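Structure record follows, encoded as structure tokens.
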Amino acid sequence: MKKLLILFLSIVFFSGGAWAKTIRIGVAGPFSGPLASFGQQLKNGATMKAREVNAAGGINGKKIEPVFMDELCDPKEAATVGTKLANDSGISIVIGHLCSSSTLAALPIYRSAKLPAISPTSTNISIGKMSPYYFRNVYRDDFQGLFLARYIKKVKNFDKVVIFYEVNDYSMGLMSAFMKEALKLKIRILGTEAYTNETTDFKPQLTKFKMMRPDAIFIPGYHPQALLIASQARSLRIKAPLFGADGLDNEAMLKTPDTEGMFVTTPFLVEKAGPSAKGFIRSHRKQYGEEPGWMAANTYDAVGMAVKAIRKVGNDREKIRAYLAGINSRENGYEGVTGLTYFDGNGDCMKSAFIKEVRGGKWVGAEQMR
């Protein structure tokens, strides 16, 4: 009997049950591959919040342990990672995924396992409607696309735009929202061209765009391809300014002067951050030697919400989901470094958008839309 008891306690301990020494939170994103710099922002934000909580005594004496799972922003890898997290009884909440395609791949797995998740970065409009277990503290693509179209028309006074989009859920969702608002604003979409994440030669499509003489080029994709598009556009002497969404908001875009004058949307701008973000910004500079990106800030807040939920209701998945669903008004919202977050019935939130631009080889706040 004594041996059986020891065996039972060992199973409970190592499976992440009540005897576990740490509270483990899954963090899923691209920690290697072409979008690893985005994954690093997730890692920075999650690590900073965990250190802060642990330094203050953790939760009931237990330390927070982020469990980083690399899924490359690839839907197949995301499904594999999602299955591992869902089957791990010691994981009661997931922060992630980063890319919308990965989130959409993991979502049904978490829904089936009743595992709540908060995405700090996935903006595809379908996510919230598909599961009561998925939440996000970032705006949706329909808002972001609308915002960009209005900025191009009302602030920059541009009337003719071409669109260069990647074939994925994030990019096509952004393009759709942008085009709907462009139609209302009487912006002429002169042409659209598609590419994949493996495309490296964009000159044939750019040559077509050059003949159309657009006022601006909209690239609703991610930074690795946008960097190539910018360089190849300038080599063809295309002078139209480039616009993108938060997928282009990356330090990698500063590696070439060809991105000078590029505009992107972002949910978090250091210059516009409120008083509650000042300590976070200073700590990030000290620990990582650079300004925090928006993904780091959103992840920091997402982990903060997870910690608050666990502290309030314990490590039970269903209770955590119910607690997050109850953050549903300004009065009981979560005040973080990115501002106030609260969820609607679909787990979506409405956050402000800002515009930044590459100026003098640096990301700086651009003229904002009133």
Worksheet item: If we keep just the residues of the range 266-290 that are closer than 20 Å to GLY29 by Cβ and touching a residue at least 40 places away in the same chain (Cβ under 8 Å), which is surrounded by the most Cβ atoms within 10 Å (Cβ to Cβ)?
Response: PHE268
Practice prompt. Residue by residue through the range 150-164, note down the ones that are surrounded by fewer than 18 Cβ atoms within 10 Å (Cβ to Cβ) and farther than 14 Å from LYS184 by Cα.
Written response: VAL155, LYS156, ASN157
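Criterion first (farther than 28 Å from GLY33 by Cβ and hydrophobic (A, V, I, L, M, F, W, C)) does ILE127 satisfy it? Talk me through it step by step, then tell me what you get.
Values: farther than 28 Å from GLY33 by Cβ: no; hydrophobic (A, V, I, L, M, F, W, C): yes.
For ILE127, the condition - farther than 28 Å from GLY33 by Cβ and hydrophobic (A, V, I, L, M, F, W, C) - is not met.
Pick from LEU185, LEU148, LEU228, LEU174: which is in contact with a Lys or Arg (Cβ under 6 Å, 6 or more places away or on another chain) and in contact (Cβ under 8 Å) with a residue 12 or more places away in the chain?
LEU185
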Response to the item:
In the range 241-258, anything farther than 17 Å from PHE38 by Cβ and in contact (Cβ under 8 Å) with a residue 40 or more places away in the chain is listed as PRO241, PHE243, PRO257
Worksheet item: Which of the helices (runs of 4 or more DSSP H) contained wholly in the range 90-193 include at least 3 residues that are outside the structural domain of GLY304 (by TED's automatic domain parsing) and in contact with an Asp or Glu (Cβ under 9 Å, 6 or more places away or on another chain)?
Response: 141-150, 169-185
Worksheet item: Checking ILE327 against (1) farther than 17 Å from GLY304 by Cβ; (2) touching a Phe, Trp or Tyr at 6+ places or on another chain (Cβ under 6 Å), which test does it fail?
Response: (1)
Discussion item. Restricting to the range 320-370, name every residue that is surrounded by 15 or more Cβ atoms within 10 Å (Cβ to Cβ) and either among the β-branched types (Val, Ile, Thr) or at positive phi (or both).
Written reply: ILE320, ILE327, VAL337, THR338, GLY339, THR341, GLY347, ILE355, VAL358
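Of the residues PHE147, PHE143, PHE178, which single one is more than 23 Å from ASP74 (Cβ to Cβ) and buried (at least 22 other Cβ atoms within 10 Å of the Cβ)?
Just one listed residue meets the conditions, PHE178.
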Item to complete: Could you identify the single residue in LEU254, LEU228, LEU248, LEU236 that is buried (at least 19 other Cβ atoms within 10 Å of the Cβ) and not assigned by TED's automatic domain parsing to the domain that holds LEU42?
Response: LEU248
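Can you report the number of residues in the range 71-122 which are among the polar types (S, T, N, Q) and touching a Lys or Arg at 6+ places or on another chain (Cβ under 9 Å)?
So the answer is 5.
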Worksheet item: Of LYS3, LYS63, which residue is outside any loop (DSSP other than H, G, I, E, B) and modelled with pLDDT of 95 or more?
Response: LYS63
Worksheet item: Among (1) closer than 19 Å to THR121 by Cα; (2) exposed (fewer than 15 other Cβ atoms within 10 Å of the Cβ); (3) among the aliphatic types (A, V, I, L, M), which single condition is MET295 missing?
Response: (2)
Response to the item:
Exactly one of ALA78, ALA55, ALA28 is under 30 Å from GLU198 (Cβ atoms) and more than 13 Å from the chain's Cα centre (by Cα), and that residue is ALA78
Discussion item. Checking the structure you have, find out if any residue of the range 210-222 is part of a helix (DSSP H, G or I) and either over 21 Å from LYS153 (Cβ atoms) or of a type in the set (D, E, K, R) (or both).
Written reply: yes
Discussion item. Among the residues in the range 228-246, are any more than 20 Å from MET175 (Cβ to Cβ), touching a Pro at 6+ places or on another chain (Cβ under 9 Å), of a type outside the set (Lys, Arg) and assigned to a loop (DSSP other than H, G, I, E, B)?
Written reply: no
Discussion item. Tell me yes or no: at least one residue of the range 16-37 is assigned to a helix (DSSP H, G or I), closer than 30 Å to GLU251 by Cα, at pLDDT 50 or above and in the same structural domain as ALA297 (by TED's automatic domain parsing).
Written reply: yes
Practice prompt. Any residue in the range 65-84 that's surrounded by fewer than 21 Cβ atoms within 10 Å (Cβ to Cβ): show its pairings with residues that are among the acidic types (Asp, Glu) and in a helix (DSSP H, G or I) at Cβ separation under 8 Å, as long as the two are six or more apart or on different chains.
Written response: ASP70/GLU77
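The values are calculated or read from the model by the stated rules, or taken from the named source; none is laboratory data. On a predicted model such as this, the values are computed, not experimentally measured, just so you know. A quick note on method: Cβ atoms are made from the backbone with ideal geometry, for glycine too, and the neighbour counts reach across all protein chains shown.
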